[in-house]
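Below is one structure, written out as structure tokens, with a few remarks after it.
The values are calculated or read from the model by the stated rules, or taken from the named source; none is laboratory data. These numbers come from a predicted model, not from an experiment. Virtual Cβ from ideal backbone geometry, glycine too; neighbours counted across all protein chains shown.
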Amino acid sequence: MVAHLVQLKLALVRNGLRRSPWQVVGLAFAGLYGLFAIVLVVGSLAAVSVQTPDIRGLVTVLLGSVIVLGWWVVPLVSFGVDATVDPARFVTFTIPRRSMLLGLAIGAVLGIPGVVTVVSALAIGGVWWRTPTALLVAPACALLGVATCIVGSRATTSASSHLMSKRRVRELMAAVTLVPLVLIGPLIGRTSASSAHLTREALEQVAAVLGWTPLGAVWAVPWEVAAGDVAGAAGRLGVAVGTLVALTVVWDRALAHALVNPLHEVASTRARGLGWFGRLPATPLGAATARSLTYWVRDPRYALAIAIVPLLPVLLWILNPGGSSLLFLGPSAAFFFGWGVSADVAYDGSAFWTHLAAPITGLTDRLGRVIGAAALAVPVVAVYSVGSALLTGRPDAIPALLGVSYGVLWTAFSGASIVSALVVYPVQQPGENPFQTRQGASMVAVVSQLVGWSAVLALSLPVAGLALYAITEHSSALGWLAFVVGPLLGGLLLFLGVCIGGRLIERNGTDLLQRIQSFA
Amino acid sequence: MPEELTPALELRGLWRRFGQKIAVAGIDLVVPAGSFYGLVGPNGAGKTTSLSMSTGLLKPDFGTVLVHGQDLWANPLEVKRMLGVLPDGVRLFDRLTGEQLITYAGLLHGLDRATVAHRARDLLVALDLTGDAGTLVVEYSAGMTKKVALACAMVHAPRLLVLDEPFEAVDPVSAANIRDILASYVASGGTVIVSSHVMDLVQRMCDHVAVIAAGHVLAAGTVDDVRGGQSLEDRFVELVGGRGTGEGLAWLRTSSS
């Protein structure tokens, strides 16, 4: 049975590759990336293994803990677990759950992250090659570590998925979990910058503590053995094994529950009246705008796209407390908001047929989406721009800031309008388990995002440069120039963007719909 | 050609290929104005593909679609005004309430606010959805979703209704109500095309029928002409073939052990 599940996973991946060349390209890129990661990890661990003073224990525990934490947390916030083999599909078969867990776990290793993790874990064990006693236990600990990673990722996602199917909880969680994740980078940047004397002693203390936690215990066992502390090693091993057992139980329970209680969106919302449809003009454009606005409010996927916006002030503050980097608040919020509509057609899913079957122009479709998003973005960007200027004591910078912010906003809307008419990729369908990724999304998504971002940034540069110069030189004349030129230039680009995007929708809309349907 | 003699829908040499598979291989079909037209065929025959191409949701590789004499793919905006569409197997904008969704469809078709409000209320009553007008469509059952989609297809009073599997998952009472609505719509001069697997239903409800299999039209005309004295189901099986002999699966008997 275990072998069957593993074969199934391989067959699904193979068929997926056969379906579209993009999948092959995506896999090739991911493979290269994985290879790079492996070379980096193995290479540096090889260097560490001969380093004096001996930092092997310190490095292995820290690195191992990061890997485990990554497996546990990352699927919760961004990528989701690979749902190629979805346990829900096996409800009607009589498969012992023990076999199912084992099969799913082994299947999960068969992927690029899994392979990179296995090789890294073995490399972490191999670090102890100069200490035969430690090398004896190291491979077993490495495998135990891999199991902790994989079972842990399944346990966290399946245990929380039921909670997460409640819409409000999901929105809240998205914001809450993003906070630490977004802050980690700047925090590390600051601590390493301000205190470059982050000593080895301090790191050793951290590693010693981690060695007793579920994250690091398994990696600390060889370290203790090498140090000759058998009791210490046994204690850590106990923590490690206990962790794995606990995670397995959690996963098992959650799976058992999920199989007989499939996820469904909890009925909650009853709306009176027509909402925005009753308030906006009764024209096709008004209706398209009302639809877009309603979705921005009701569909958590839109909220996730701009979840970073409320965090931006905190982020910029940490980067440079009390400094003038807070002035970037307006433009960066504008950028994220504007780019937020870039996956609009993908979010519609096959419901996009409504626009294709209706006698509306592509321009109406594009404008409706932009106006809907702009209704939210315009006030936020205004508050951020003015607020950041006042907080940093630079009220004179307000015109320049407003100019560049709205310039960026219109430019980003323009780019997003074109990109979302060209590219669709599999996204979560409304109401789907937010922790399941759709296969093969990544490459098209990443490439289109990168190209789009670069284009928007490049087109925003002239106004950004002008505003920057005006602000640093305290030139109010240039500031007012940016105030006029930014929205004007951005508006021109937006006009071009929605016209081009509208044309593309009219020409390629049916192809987009067909591609969306092929994802399902 | 006088207006009433122009077919409501005319497909000329329609082809569509998906990868290696040819889904529709040169379909010609004439749907007379004022007819209640049934489209039947086995699974994978190309019914949905043909209907998608007739309603502007899928571009044909070759061929022409004429709706009341106007070329759909040459003049999409004009033609789509005349069409009411209920596709199968696609989502709706289901984060809207039922009432909002119908309103949305009406406004997209250029109706004014008062007309939309009036018709949306009528449709909700006719389809027995009044109690759920304020519920999000995502929380509807499969049958209710079909009904609200049907309301969206009809709200702008199109001249041609193209319905793909409109009765699937709909309960018998609602189905009977929908049949009445469609029949009176046809009686008042509208044209309806439905696809279905249920031969009995098509025989009772439609006046014209086309049998499609493997991307070709096998037979088309009035129901009486096509069935030629047999029941439509027997005639269908005769045309399409593929009936098993009833032998085999001898082990599928609960008494066997």
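Observations
- B:MET82 passes every criterion in (1) hydrophobic (A, V, I, L, M, F, W, C); (2) within 30 Å of B:VAL237 (Cα to Cα); (3) touching a residue at least 40 places away in the same chain (Cβ under 8 Å) apart from (2).
- So B:ALA120, is it more than 20 Å from the chain's Cα centre (by Cα) and assigned to a helix (DSSP H, G or I): yes
- Counting only helices (runs of 4 or more DSSP H) wholly contained in region A:230-342, the ones carrying 2 or more residues that are hydroxyl-bearing (Ser, Thr, Tyr), at pLDDT 85 or above and farther than 30 Å from A:ILE398 by Cα occupy A:230-260, A:284-298.
- Residues that are on the phi < 0 side of the Ramachandran plot, assigned to a strand (DSSP E or B) and more than 11 Å from every other protein chain (Cβ to nearest Cβ) do not occur anywhere in region B:78-88.
- Flag if A:GLY368 is at pLDDT below 90 and within 14 Å of chain B (Cβ to nearest Cβ): no
- Residue check for A:ILE471: closer than 30 Å to A:LEU356 by Cβ, in a helix (DSSP H, G or I) and of a type outside the set (S, T, N, Q): no
- Test result for A:SER448, polar (S, T, N, Q) and more than 14 Å from chain B (Cβ to nearest Cβ): yes
- All positions within region A:209-229 that are in a helix (DSSP H, G or I) and free of Cβ contacts under 8 Å to residues at least 12 places away in the same chain: A:VAL209
- Yes/no for B:LEU136 being more than 17 Å from A:ILE360 (Cβ to Cβ) and more than 10 Å from chain A (Cβ to nearest Cβ): no
- For region A:126-145, a tally of residues being surrounded by fewer than 23 Cβ atoms within 10 Å (Cβ to Cβ) and in a helix (DSSP H, G or I) returns 12.
- Residues of region B:164-219 that turn out to be in contact (Cβ under 8 Å) with a residue 60 or more places away in the chain, closer than 16 Å to B:GLY34 by Cα and over 16 Å from the mean Cα position of the chain (by Cα), as a count: 1
- Selection from region B:200-233 of residues that are touching a strand residue (DSSP E or B) at 6+ places or on another chain (Cβ under 6 Å) and either of a type in the set (S, T, N, Q) or part of a loop (DSSP other than H, G, I, E, B) (or both): B:CYS206, B:ASP207, B:GLY215, B:THR222
- Yes/no for B:ASP234 being within 19 Å of B:LEU86 (Cα to Cα) and over 16 Å from the mean Cα position of the chain (by Cα): no
- A single entry from B:LEU111, B:LEU92, B:LEU101, B:LEU129 fulfils the requirement of being within 11 Å of chain A (Cβ to nearest Cβ), touching an Asp or Glu at 6+ places or on another chain (Cβ under 9 Å) and in contact (Cβ under 8 Å) with a residue 12 or more places away in the chain: B:LEU101.
- Considering region A:90-106, the residues that are among the aliphatic types (A, V, I, L, M) and part of a loop (DSSP other than H, G, I, E, B) include one that is farthest from the chain's Cα centre (by Cα), namely A:ILE95.
- Condition met for B:GLY106 (surrounded by 24 or more Cβ atoms within 10 Å (Cβ to Cβ) and either away from chain A (no Cβ under 11 Å) or part of a helix (DSSP H, G or I) (or both)): yes
- The residues of region B:56-77 that are loosely packed, with under 15 Cβ neighbours inside 10 Å and either in a helix (DSSP H, G or I) or facing chain A (nearest Cβ under 8 Å) (or both) amount to a single one, B:LEU77.
- Filtering region B:30-52 for residues that are within 21 Å of A:ARG507 (Cα to Cα), part of a strand (DSSP E or B) and not basic (Lys, Arg) leaves an empty set.
- Pick from region A:351-377, criterion out of contact with any Phe, Trp or Tyr (no Cβ under 8 Å at 6 or more places or on another chain) and among the β-branched types (Val, Ile, Thr), ranking: surrounded by the most Cβ atoms within 10 Å (Cβ to Cβ): A:ILE360
- Any chance A:ALA351 is out of contact with any helix residue (DSSP H, G or I) (no Cβ under 8 Å at 6 or more places or on another chain) and within 14 Å of chain B (Cβ to nearest Cβ): yes
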